[in-house]
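The values are calculated or read from the model by the stated rules, or taken from the named source; none is laboratory data. Being a predicted model, the structure only gives us computed values, none of them experimental. Because the Cβ atoms are built from the backbone with ideal geometry, glycine has one as well, and the counts that use them run over all protein chains shown.
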Amino acid sequence: MAAGTRGGQHRECALGRSPLKPPPFDYAAPTTLDEAIGLLAEHAGAEARVLAGGQSLIPMMNFRLAKPGYLVDLRRVAGLAGIRREGDTLVIGAMTRMAEVERSPEVAVAAPLVTEAIGLVAHVPVRNSGTVGGSLAHADPAAELPAVVLALDAKLVAAGPGGTRTIPAGEFFTGPYGTALAPEEILTEVRLPVWPGGHAFTEFSRIHANFAVVAVAALVDADGDRIRRASVALAGVGPTPVRAHSAERALLGTSGDAEAIRGAAQLAVADLSPAGDLHASAETRLTLAQVYLRRGLELAVSRARNER
Amino acid sequence: MTTVDSTTGDRIAADRAASAPPVRPHSAERRWVGQSIRRVEDPKFLRGRGGYIADRITPGTLHAAVLRSPHPHARITGFDVAAAQAAPGVHAVITGAQAAQLCDPMPDFGPDPTRHTWRCLAAEKVRYVGEGVAVVVADSRYLAEDALELIEVGYEPLPAVVDPERALDAGVPLVHEALESNCAYERSFDFGDVDRDFAEADLVIRDRLRWHRSGGQPLETVGAIADYDPGTGGFVIETNTLSFTSYLFMVAAALKVPVNRLDIRPAPAGGSFGSKLFANKPAVIAAMCARATGRKVAYIEDRVDNISNCDHHGSDRLYDVELAVMRDGTMRGIKIDTIDDYGAYIQFGVGHHGNALAQVTGPYTIGSVRYRVRAALTNKNQQGAYRGFGSEVNNWMLEQMVDKAARELDLDPAAIRRKNFIRQFPYYIPTGNVYDSGDYDKVLDKALELADYEHWRAEQKRLREQGRYIGIGLISAQERSVFSATEFWFWFDEPAAPVTSTPESVSLKVDTTGGITAILYSCAFWGNSPETMVAQFVAEEFDCDPYDVAVVYHGSGDGLPATGPGGSRTTVMLAGAVEGAAGKIKAKARRAAAHLLEIDEDDLEWADGGFGVRGDPERRKTLGEIAIMLHLFKHSFPADMTSGLDESQVYDHPWTTMPSADRKDLGVFYPFMGHACHIPVVEVDIETGAVTFLHYAAVHDCGTLVNPRSLAGHIVGGTAQGIGTALYEEFVYDTDGQLLSSSYLDYLIPTAMEVPELAIGHVETPSPYTPHGVKGGGEGGRMMAPAAINTAVNDALAPLGVRLTELPMTPERILTALRASRKKG
Amino acid sequence: MTAISVTVNGRPHTAQVEPRRLLVDFLREDLGLVGTHIGCEHGVCGTCTVLLDGRSIRSCITLAVQADGAEISTVEGLADGAELHPLQDEFSEKQGLQCGYCTPGMLMRASEILAGNPDPSPAEVREAIASNLCRCTGYQFIVEAVLGAAERMRAEKETAS
């Protein structure tokens, strides 16, 4: 099974499994965060898991690739959904439905990269149920939101039996479908530094709104004619989303013209070694990464300029 | 024999003239045929009351789930089912070995069924990933799937055969040891004088082409609910597939019951596109489980069951082709060498190639054909039917060759086609099949106009200067309709079963109030509109409102032989059956009316829903007045007139002839020939390999249209599936035989964003031989689109020296081709 | 077993369900509302679309317990007795259905689209219905039907006001 490729887990479903009904599990829908954490700890032996929107987890359970013995449903836990601004930080509660984030004027102003990216996450019906926290905790290597929080250097707040802690995005994604969350920890909110413009989220998918083969989250900030800040993250090119630090460094101080962007894209791709799958070989993923880095940066730069 | 001497030629011509049905005059005035009326089927579907198979499961019905093989090729060494049997809610666990005792092999029209035996569950060996090895019956599907996980199967993996060319090599693992080969069929046919045509040609165009398998994948899977009555020893099976009722004796044999103890009742199908054609495995599994448990059992495939185990993957072909042409563009002959990867079984033999041979030379006056076909068996799910049934692949292959010839001869794509168009009808192609009528220039003209062809050529030039790659595809190709059974056996000099019946039956009942009911047998609802079509035909015959016609589907136990949808036969066959039954109704009604009006039958004429006296129309009897008398007042009529007013027509294929003994003439087997031209305009993003549509014009000629809007809907839907085949859909097996595309995450079905709005045009060149001049047309969209889109992409990439010869044209394949051409420099 | 209370097409229901029971199976088998269909059971095709509190969801990847306290709308609730909803009527008029299997999900999605955007452009409709696969129609007549229904519903609203 190729790491870093979307859907890799789902292909196992042909391996002797016919099912498309989930296996049995016990279930609770607590009303407080402490109760939820307590249930996760109590049922750790049964492989307890959090249920957010279920848009990633339930298909896996239908395929019987995930078989948690206990589901802790967060739908009734107060205080986990909502969008608010705290100075230079945009805070999104983990249980905020993606559709709400998509529609939010606050998000559009404070972090338009999020707005653009979230519109590319599957389709409206999935975004109506799916949550920001659920998508991040699922950590699909080709998913949009992990790349976004990585590009924004967001902080992810987790609550567990030992209290609350803040995990930088750069440390949150540990492998394909793997995060730094402990089994009894629950992601409660994402704290995104405000970056009001100079953004672009672009991706290549084979079918409209299907999972991305390669996705690029690009952010630039210009001072006069010079780029003074750049942040670029990619999805679909490794076991986790990756930051393209070499590209970012290469852009600093440049005007962000075509040549600078091309050079940055080339540098970024040189650091990548994606795996291939039936949708795209490793070589094609590198090609697509380079193309979308270029297109994404061009768009981000033009938006940065327009905002002066 | 290199030439047909004049005596033989005359005799052939005379035989052909004799076998053709009479040319029929067609009424210029039609009231209902030709109207885009709302479909009579719709109200129930719109309200969620469609009555699909899964909707018919009653409380207390048990549910089956099938355990499938994770290995592409393995011996089954043993089972441990004890834990599964003891699991909650489980009523039975049946392994493949046990099933082999309970059931005989599945119906199989392949070349050698005793040696490539196909069973409802694998017995001693599994031959593809997903093949069923056991079935669990439980109180619910959830519990059945729980129990599946408790079954332990011993497998001894064997090396898998995946590549169809390698499968034919010596010394490779055998899919069926008993067959002693992975080549299930091989033969080469010559039609016309191939060697002469090639010797005389100015140029031979060569190519190697690859079409990978995709499939119908309707949103509803195949399902069955079976009930066994130990008292009668018979089964009643509800299922969303009912076709070829005369061949259901084979299903009865599989279930080891007499034919007249098997009653299969059709439920409407949520789509088929061929994949529900004679799809009897779920029915056999459900029935076997019903008999074993003594309870009603439902087996509804889930999506993964269906993708991996449906027995209806589409064609999977490799072609080596040579086209002999003259410098002026005249096409003389074609040599086709094709290997078709049939998977692990071959239920329909090479009938898919019969579909190809029906129109192998397209709309062109190509004079000779050499056709070599090899059926390779591999460790994959077997092929079945998919819209086009193997003819759409031939269309694609031929049009790529015509396209290549045009480029090499520096001829305009429309011009080279016009140079070779058939213009005299009926026209017999080299294989012996006939094209009844057509007007290919008219279709091409209309398509060019609809496509705004000159505008797009100018745009192409303009945008190329901006570094954008626009391509215009243009194909003209055939869409045959109404197959004959001969195409499944003329492959053999001594076929085991040279069957020739493909009837369709309709019964019409006029009730006491004059209301009409039409009964269809085996003509299941697939999303085509048999009810609307029949209602329109009946309304045309009897001057009634089509919405007043009741249409019901009877099960196999209720009687008349029928074949069902397939090969776009429904329109013509229902038209003929309705015409026949209506004629009998009118004959009896005329006689009754004559008696009631005390007048000679010859003095009566049918008009406005009844019989009236010629010259004195006030003296008339409506159908209703006649009907009530016939139903209730026997003594008002001559003694030999029976009560009631209902008649049936078993309508056989109106034009099919036997192949010659030497197989140089395959006879007429697909005579009602439609035609179409598709002109898509695409843009290829050469950085990503993405293909987007800028425009798409499609003009079809399927003879007289019964419901133009319905046909247009089929054109769009078929084109959408063709887009899938051309760009997105593929059942991908890796080199180890693992099925990588086993869910909709990886088997990519086009959404509304991948399918453009089509500009649709209709041309109606009636068939001289069918009621109203109708021909079939349901498959046409998919029979054209892959060919058209391939030529469009190639047109876009021609300046870069890139030509795609493999479908689907995925971004991977396009980028790989672009990289290769850059390396060549 | 978990207790749930759900309102479906305006009618309240209480039931005891296994936590793993999918909403689509609850609607079809427990409530007998077979109009919502199963296409893929992994959340891709949209055949199972219903509305939950007015928003479209995929009932094959939603647990029945996740609908506790919610209002569900299915295709059975669209028509007003004998009178079809404008969307249903337009689907028939424009022949936006052939086999009818995707139709209930498509209708529910379309009702959400028009509730949020009563005057969509053809391109907007096409992009919005991309969430729901149809294998028969190629989408063209579905787009026409949704546009036709939008026009009728706008006119009806104007007449009413």
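What the table below lists for this structure:
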read-out: Subset of the range B:438-483 (residues that are under 30 Å from B:F244 (Cα atoms) and either hydrophobic (A, V, I, L, M, F, W, C) or not assigned by TED's automatic domain parsing to the domain that holds B:V774 (or both)); value: B:A477, B:V482, B:F483
read-out: Filter pass, B:V175 being under 26 Å from B:S743 (Cβ atoms), out of contact with any His (no Cβ under 7 Å at 6 or more places or on another chain) and either modelled with pLDDT under 95 or more than 14 Å from chain A (Cβ to nearest Cβ) (or both); value: yes
read-out: Filtered residues of the range A:28-73 (kept if assigned to a helix (DSSP H, G or I) and within 23 Å of C:C45 (Cα to Cα)); value: A:L57, A:I58, A:P59, A:M60, A:M61, A:N62
read-out: Residue in the range C:20-27 that is of a type in the set (D, E, K, R), facing chain B (nearest Cβ under 10 Å), touching a residue at least 12 places away in the same chain (Cβ under 8 Å) and not in a loop (DSSP other than H, G, I, E, B) present; value: yes
read-out: Of all residues in the range B:588-643 being assigned to a loop (DSSP other than H, G, I, E, B) and either outside the structural domain of B:F542 (by TED's automatic domain parsing) or among the aromatic types (F, W, Y) (or both), the one that is nearest to B:P546 (Cα to Cα); value: B:F633
read-out: Residues satisfying the stated conditions in the range B:24-57, i.e. under 27 Å from the mean Cα position of the chain (by Cα) and among the aliphatic types (A, V, I, L, M); value: B:V33, B:I37, B:V40, B:L46, B:I53, B:A54
read-out: Number of the exception - B:I429 against (1) out of contact with any helix residue (DSSP H, G or I) (no Cβ under 7 Å at 6 or more places or on another chain); (2) outside the structural domain of B:F389 (by TED's automatic domain parsing); (3) buried (at least 24 other Cβ atoms within 10 Å of the Cβ); value: (2)
read-out: Count of the range C:39-64 residues which are hydrophobic (A, V, I, L, M, F, W, C) and either in a strand (DSSP E or B) or at the interface with chain A (Cβ under 7 Å from one of its Cβ atoms) (or both); value: 6
read-out: Residues (within 12 Å of A:L278 (Cα to Cα) and within 7 Å of another protein chain (Cβ to nearest Cβ)) located in the range B:739-756; value: B:L739, B:L740, B:S741, B:S742, B:L745, B:D746, B:L748
read-out: Tally, over the range B:577-592, of residues that are surrounded by fewer than 24 Cβ atoms within 10 Å (Cβ to Cβ) and out of contact with any Leu (no Cβ under 7 Å at 6 or more places or on another chain); value: 7
read-out: Test: B:V153 is β-branched (V, I, T) and more than 14 Å from chain A (Cβ to nearest Cβ); value: no
read-out: Residues that are of a type outside the set (A, V, I, L, M, F, W, C) and at the interface with chain B (Cβ under 8 Å from one of its Cβ atoms), drawn from the range C:65-88; value: C:T74, C:E76, C:Q88
read-out: Number of the condition not met by B:A759 [criteria: (1) in contact with a strand residue (DSSP E or B) (Cβ under 7 Å, 6 or more places away or on another chain); (2) more than 14 Å from chain C (Cβ to nearest Cβ)]; value: (2)
read-out: Some residue of the range B:706-720 being hydrophobic (A, V, I, L, M, F, W, C), crowded, with 24+ Cβ neighbours inside 10 Å, in a loop (DSSP other than H, G, I, E, B) and under 22 Å from the mean Cα position of the chain (by Cα); value: yes
read-out: From A:A233, A:A275, residue being within 14 Å of chain B (Cβ to nearest Cβ), under 30 Å from B:T810 (Cα atoms) and touching a residue at least 60 places away in the same chain (Cβ under 8 Å); value: A:A275
read-out: Residue check, B:D104 touching a Gly at 6+ places or on another chain (Cβ under 9 Å) and either in the same structural domain as B:Y733 (by TED's automatic domain parsing) or of a type in the set (D, E, K, R) (or both); value: no
read-out: Any hit, the range B:538-560, residues being under 25 Å from B:G390 (Cβ atoms), touching a residue at least 12 places away in the same chain (Cβ under 8 Å) and surrounded by 24 or more Cβ atoms within 10 Å (Cβ to Cβ); value: no
read-out: Within the range C:83-161, helices (runs of 4 or more DSSP H) holding 2 or more residues that are of a type in the set (V, I, T); value: C:103-116, C:122-129, C:140-160
read-out: Restricting the range C:59-106 to residues that are among the hydroxyl-bearing types (S, T, Y), assigned by TED's automatic domain parsing to the domain that holds C:N132 and more than 11 Å from the chain's Cα centre (by Cα), the residue that is surrounded by the most Cβ atoms within 10 Å (Cβ to Cβ); value: C:Y101
read-out: Of residues in the range A:103-119 being under 18 Å from A:G130 (Cβ atoms) and surrounded by fewer than 19 Cβ atoms within 10 Å (Cβ to Cβ), the one farthest from the chain's Cα centre (by Cα); value: A:R103
read-out: Members of the range B:717-738 found to be of a type in the set (S, T, N, Q) and more than 10 Å from chain C (Cβ to nearest Cβ), listed by number; value: B:T725, B:T735, B:Q738
read-out: Qualifying positions in the range B:24-56 - hydrophobic (A, V, I, L, M, F, W, C) and modelled with pLDDT under 95; value: B:A28
read-out: Strands (runs of 3 or more DSSP E) contained in the range B:267-351 and holding at least 1 residues closer than 30 Å to B:P495 by Cα; value: B:317-325, B:331-343
read-out: Filter result for the condition that a residue is touching a helix residue (DSSP H, G or I) at 6+ places or on another chain (Cβ under 9 Å), closer than 24 Å to C:C99 by Cα and modelled with pLDDT of 95 or more, over B:G234, B:G329, B:G271, B:G314; value: B:G314
read-out: B:G231 within 30 Å of B:T58 (Cα to Cα), surrounded by fewer than 21 Cβ atoms within 10 Å (Cβ to Cβ) and free of Cβ contacts under 8 Å to residues at least 12 places away in the same chain; value: yes
read-out: Test: residue in the range B:563-584 that is free of Cβ contacts under 8 Å to residues at least 24 places away in the same chain, charged (D, E, K, R) and at negative phi; value: no
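Each row is one residue, and each column tells you yes or no for (1) facing chain B (nearest Cβ under 8 Å); (2) not aliphatic (A, V, I, L, M).
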residue: C:E93; (1), (2): yes, yes
residue: C:L114; (1), (2): no, no
residue: C:R126; (1), (2): yes, yes
residue: C:A155; (1), (2): no, no
residue: C:T159; (1), (2): no, yes
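Let's see how each residue does on (1) touching an Asp or Glu at 6+ places or on another chain (Cβ under 7 Å); (2) within 30 Å of B:P671 (Cα to Cα):
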{"position": "B:K621", "(1), (2)": "no, no"}
{"position": "B:E625", "(1), (2)": "no, no"}
{"position": "B:L630", "(1), (2)": "no, no"}
{"position": "B:K634", "(1), (2)": "no, no"}
{"position": "B:T642", "(1), (2)": "no, no"}
{"position": "B:L645", "(1), (2)": "no, no"}
{"position": "B:S648", "(1), (2)": "no, yes"}
{"position": "B:Y651", "(1), (2)": "yes, yes"}
